[in-house]
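Below is one structure; the comments refer to it alone.
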Amino acid sequence: EAGRVQAYRTSEYIKDMGTPERLDQVARDLTSGVVAARRLSRRQRAVFLDRDGTINRYVELLHRSEDLELLPGAAAAIRSLNASPYLCFVVSNQPVVARNLCSIEEVEETHRRLETLLGAEGAYLDDIRFCPHHPDSGYPGENPAYKIKCACRKPGTGMIEELAAAYNVDLSRSWMVGDTSMDIQTAVNAGMRSILVASGMRESPAKYAARPELHCADLAEAVDRLLGQAEMQ
């Protein structure tokens with residue numbers, strides 16, 4: 001009646017069990033430890049994903065939501081992560097805000113499109129963080145409010161540390177997947193393992209010297225390999 005809806009967003013175990021089949025699944029998950037493992041009182045594992053060139057097709061300075069298009073196999077890969085012990089986050093530099101190509105609200109609209117496209121294929125992200133800053137000035141029409149040095153812009157670890165604190169993530173058991181050496185350097189700085197995918201921006205030469213643990217063609221291969229390694233541990 002007040003015209004408001006309240007929600008509790010969590011990565012913990014929640015399932016509608018209003019049918020016999022779902023009730024059986026919840027019972028299995030409860031006895032197998034799946035429910036307990038998702039409690040945020042326990043240390044979680046996570047996969048941190050870059051956005052452009054990793055999940056969606058690389059478009060230089062993408063700033064319009066309608067230009068976001070999922071890469072083939074990306075939704076299926078994220079769906080596999082959703083069914084695994086790993087949480088799935090996006091951490092993305094978005095200097096388009098500092099360049100004044102779009103607003104914070106328009107980046108958030110792009111992320112709503114991303115989540116809608118993933119949801120249509122049965123996949124979801126546990127959370128998203130993005131950095132709107134860019135330290136270098138001199139671009140025509142730039143927004144000076146965002147032309148600052150910050151801790152959140154990759155290869156800084158501010159976005160990752162924020163998510164790790166919110167979701168009780170053990171970074172030493174987590175992964176970063178991205179298409180640039182900046183993503184790999186971010187993983188090194190945060191104490192994570194890393195995978196470089198060839199589906200996006202191909203640097204030549206690489207801006208950072210950090211080396212990934214694995215090279216993969218795309219997110220689908222990256223998820224297959226990291227989940228395979230998790231099973232062997």
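The values are calculated or read from the model by the stated rules, or taken from the named source; none is laboratory data. Treat the numbers as computed from the prediction; the structure is a model and nothing was measured. Virtual Cβ from ideal backbone geometry, glycine too; neighbours counted across all protein chains shown. SASA here: full protein model, heavy atoms, side chains in, ligands and nucleic acids out. Shrake-Rupley method; radii C 1.70, N 1.55, O 1.52, S 1.80 Å.
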For this session: Go through segment 145-169 and count every residue that is over 23 Å from Tyr58 (Cβ atoms) and open to solvent by 30 Å² or more (accessible area, probe 1.4 Å).
Result: 10
Problem set entry | The listed residue being in contact with a helix residue (DSSP H, G or I) (Cβ under 6 Å, 6 or more places away or on another chain) and farther than 20 Å from Gln94 by Cβ, out of Tyr8, Tyr13 | Tyr13
Exercise. How many of the residues making up segment 196-217 are in a strand (DSSP E or B) and either under 14 Å from Asp50 (Cβ atoms) or touching a helix residue (DSSP H, G or I) at 6+ places or on another chain (Cβ under 8 Å) (or both)?
Worked result: 4
Problem set entry | Residue ID - modelled with the lowest pLDDT, chosen from residues in segment 1-43 that are acidic (Asp, Glu) and part of a loop (DSSP other than H, G, I, E, B) | Glu1
Exercise. Which ones in segment 96-119 are more than 17 Å from the chain's Cα centre (by Cα) and touching a residue at least 40 places away in the same chain (Cβ under 8 Å)?
Worked result: Val97, Ala98, Arg99, Asn100, Leu101, Glu106
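Name the residues in segment 160-183 that are more than 19 Å from Ala210 (Cα to Cα), under 14 Å from the mean Cα position of the chain (by Cα) and touching a residue at least 60 places away in the same chain (Cβ under 8 Å), would you?
Leu163, Ala164, Tyr167, Val169
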Exercise. Tell me, which residue of segment 1-26 that is within 28 Å of Leu163 (Cβ to Cβ) and of a type in the set (Asp, Glu) is most open to solvent (accessible area, probe 1.4 Å)?
Worked result: Asp16
For this session: Please work out which residue is surrounded by the most Cβ atoms within 10 Å (Cβ to Cβ), limiting yourself to segment 110-144 and to residues that are more than 20 Å from Ile78 (Cβ to Cβ) and of a type in the set (Asp, Glu).
Result: Glu142
